[in-house]
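Input: a single structure, listed below in structure tokens.
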């Protein structure tokens, strides 16, 4: 799974997890895991790679990392900060969407 | 003129209460310039306008006649103040007083008082009741607006609601039914008169920009802002500076098309439905949040003053998004002994009081 992260790339992010969108003035907060996910998405990392990073850096099992990642990216999508890349959206609904 | 010790600038709109006027933020922008050496003369309509009691902002304060008394009375008063204080520029900041100041532009210039104001035609074209026509002409989206002269003839159906009900100068309310709209029409008309405007409600977030136009079509600076906390009147209590290309382009387009002269505030809604900006108001003056722009690196009042004084300041582009301001109320202590002359004589010079 890959994401369109143009809006995400414009965000100013503090180490404390404060996100500011200079174009819309919207302010969000997140935790260190969220910051790490956003940093990885901004670098264009794929879902599998990000999950590897989360399990390694935050000492969580794969299922927990998947659940948290999907919930968080769902929130980012809800705020219009990420989108599924064209042509990739169908994959999300497929049987191997989480791979 | 900033840097010139003889500079003396008069600024109106000194009420700094729960719905603050732009005067004090304009003054702060001027006096915090590095090169500032001048004096500020505050022009107030009430002796208890809170900014009029702030001797950090004003060297002296004079009461002005209410706008309804007309331009000749205003001119006479300004000539008196000119004689006493040597003011050589004036920055009016209130909608209701602007027609008089605009009508006096040439007389004031002849008397040695510089202004940098829109023309009468520019002022009229952006009036709320003319915004529809202006936007049609410029190809800018705006909510449909109806002028109402009689609350019994609103011309809206239940399906049209919610709608915004607005006064020509001040006040705006969101009405969820024709009955509520009629109530707000009566309420606004009782205070500000007819027509009252009924505007389609655009669901979305409001974005504002302040700018200064050079009168030839160029914008010398455009500063964007988003409100973070609202007062019950919908004013921004806390705001953040933003850099939104769509908003900046909208403001630049308006200034270019109108060849706008002086300060302007662009208020627009970014529609949730179609993602487009809808222009809801053009204010022919600095907004009350103008000190945020100054704090973010764009001192628009100083640009306007430089233009008023015949300078050609360079356009400013550097503007830092993410700067936050919040209003906060505190107490300003003075004494009746100090401010007494403002009540009795309509003027006070803080430099001379003890």
Report summary line: If B:226, B:272 are placed from fewest to most neighbouring beta carbons inside 10 Å, the sequence is B:272, B:226
**Report entry** Sequence ranges A:31-38, B:298-305, B:98-105, ranked by mean other-Cβ count within 10 angstrom, highest first
**Finding:** B:298-305, B:98-105, A:31-38
Requested in this report: Determine the shielding of peptide A:24-31 by partner chains: average, over its residues, the number of Cβ atoms on other chains within 10 angstrom of each Cβ.
Outcome: 4
**Report entry** When the convex hull of its Cα atoms is projected in every direction, mean area for the stretch B:208-354 (nm²)
**Finding:** 11.8
Report summary line: Checking B:167, B:159, B:340 against a Gaussian network model of chain B (alpha-carbon springs below 10 Å), the top fluctuating residue turns out to be B:159
Query raised in the report: Considering every residue in B:318-328, what mean count of other chain Cβ atoms within 10 Å of its Cβ is obtained?
Result: 2
Query raised in the report: Quick one: if you stick a label point 7 Å off each Cα along the C-beta vector at residue A:64 and residue B:153, how many nm between them?
Result: 7.1
Report summary line: Using the Cα gyration tensor of chain B, the equivalent ellipsoid's semi-axes, largest first and to the nearest Å, work out to 33, 23, 20
Query raised in the report: Most fluctuating residue of B:293, B:268, B:175 in a GNM of chain B with Cα springs under 10 Å: which is it?
Result: B:175
**Report entry** Among B:75, B:343, B:116, residue whose mean-square fluctuation peaks in a GNM of chain B (springs only between Cα atoms under 10 Å)
**Finding:** B:343
Report task. Subtracting the Cα-Cα distance from 0.36 nm times the residue separation, let me have the gained length for residue A:52 to residue A:83 in nm, one decimal. Result -> 9.0 nm
Report summary line: The exposure ranking of B:191, B:256, fewest beta-carbon neighbours within 10 Å first, is B:191, B:256
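Throughout, read-outs are computed from the coordinates displayed, never taken from laboratory work. What you see is a predicted model; the values in this text were computed from it and never measured. Cβ sites come from the backbone with ideal geometry, for glycine too, and all protein chains shown count toward neighbours.
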